[in-house]
Amino acid sequence: MYRDVTGWLLDETLCRLDALGLEVEQRPAEYERYEVEGWLVRGQGWLVANGALNLRYARIQSARADIATVMIYPVGHPEKLPIFAAEWVCLGEIVRPGVLDIETAGVQVDLLKEMTPIFMPLRDRWSHHFQACAEVPEWFQEIRTPWSAFFEMEVARMGELREMFVDYLEKTMECFYTRERLSDCVGGREHELVLAYKEHHFVHSPGRKLLSGKLGESWSERFLGTYHFGPAQD
């Protein structure tokens, strides 16, 4: 009944983060799974590595659509830990857009300097695989990095996308989400720059219009604003 081409995204993420320790964020059942009139929306969240990171996942499915998002945020130390962001919007036989980036919350000059020689080779490796979208939203232009991917592709090439995703995630974990670095980032309140980044995504999320039209504004605003883009939940 529901399109299923992105189910691997969460599996590939959890199997790599599991060794760091995952604690499920609590949320009401209706914001974990909600089904209405041919649409299924699911959302989950975890604290990773004793709360150094916050993993969020959302997926929207219909007979024709399969949209999935993974976000991994630092909690208290955006100067040490980057944000990992991936989203695939699959409609029919086309992914448009696909988004993959490793970003910072706020301007983190030293962290960006450290990231550049690590992620630019990945951009060079993968940039020719998929066609860049002709139009990029202004809100994404404001936060994207030089190694970001904002592209379109045929669903039939999902295997290549999966390989690119794993490449980017494993490099992020190898160089930044290490046990040593994460152990130095445990404790404290969620940083205001991380909260501002989440709010920026919430305000500009195309999902707000889609979900509000299908599931109602009240539910959609809480699902996105409180849980998917909201503060880390204890």
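Readers should treat all values here as calculations from the given coordinates under stated rules, not as data from a laboratory. Remember, predicted model here, so these are calculated numbers, not experimental data. Cβ coordinates were reconstructed from backbone atoms using ideal geometry, including for glycine residues, and neighbour counts include every protein chain displayed.
Just want the ordering: His204, His128, His191, His228, from fewest to most Cβ atoms lying within 10 Å of their own Cβ.
Details: His204 15, His128 7, His191 18, His228 24.
In increasing order of surrounding Cβ atoms, one gets His128, His204, His191, His228.
In debye, nearest 20: dipole of the chain around its Cα centre with unit charges on the Cβ of K, R (+) and D, E (-)?
200
Check the chain and count each lysine pair with an alpha-carbon distance under 21 angstrom, considering only pairs eight or more places apart or from different chains. The partial results should precede the final answer.
On the way: Lys80/Lys113; Lys80/Lys171; Lys80/Lys198; Lys113/Lys171; Lys198/Lys209.
The result is 5.
Putting +1 on Lys and Arg Cβ atoms and -1 on Asp and Glu Cβ atoms, find which of Val24, Cys175, Tyr227 reaches farthest to the positive end of the dipole of the chain.
Tyr227
Once phi is turned into θ = phi - 60°, what whole-Hz ³J(HN,Hα) does the Karplus curve with 6.51, -1.76 and 1.60 give for every residue of the range 71-82, x standing for Gly and Pro?
Once rounded to whole Hz, the list reads 10, 10, 10, x, 9, x, 9, x, 6, 10, 10, x.
With a 10 Å radius around each residue's Cβ, average the other Cβ atoms per peptide and rank 14-20, 168-174, highest first.
Values: 14-20: 13.7, 168-174: 17.1.
Per-residue Cβ counts within 10 Å, averaged per peptide and sorted highest first, yield 168-174, 14-20.
Among Ile143, Ile102, which comes first, second and so on when ranked by fewest other beta-carbon atoms within 10 Å?
Values: Ile143 18, Ile102 23.
By the 10 Å Cβ count, ascending: Ile143, Ile102.
What order do you get for Cys133, Cys90 when you list them from fewest to most C-beta neighbours inside 10 Å?
On the way: Cys133 16, Cys90 23.
In order of increasing Cβ crowding within 10 Å: Cys133, Cys90.
Using the Karplus curve 6.51 cos²θ - 1.76 cosθ + 1.60 with θ = phi - 60°, what ³J(HN,Hα) values do you get for each residue of the range 35-49, in whole Hz, with x for Gly and Pro?
10, 7, 6, x, 10, 10, 10, 10, x, 8, x, 9, 8, 10, 6
Would you indicate which of [x] 11.9; [y] 12.8; [z] 14.1 is the value of mean projected area of the Cα convex hull in nm² derived from the coordinates of this structure?
[x]
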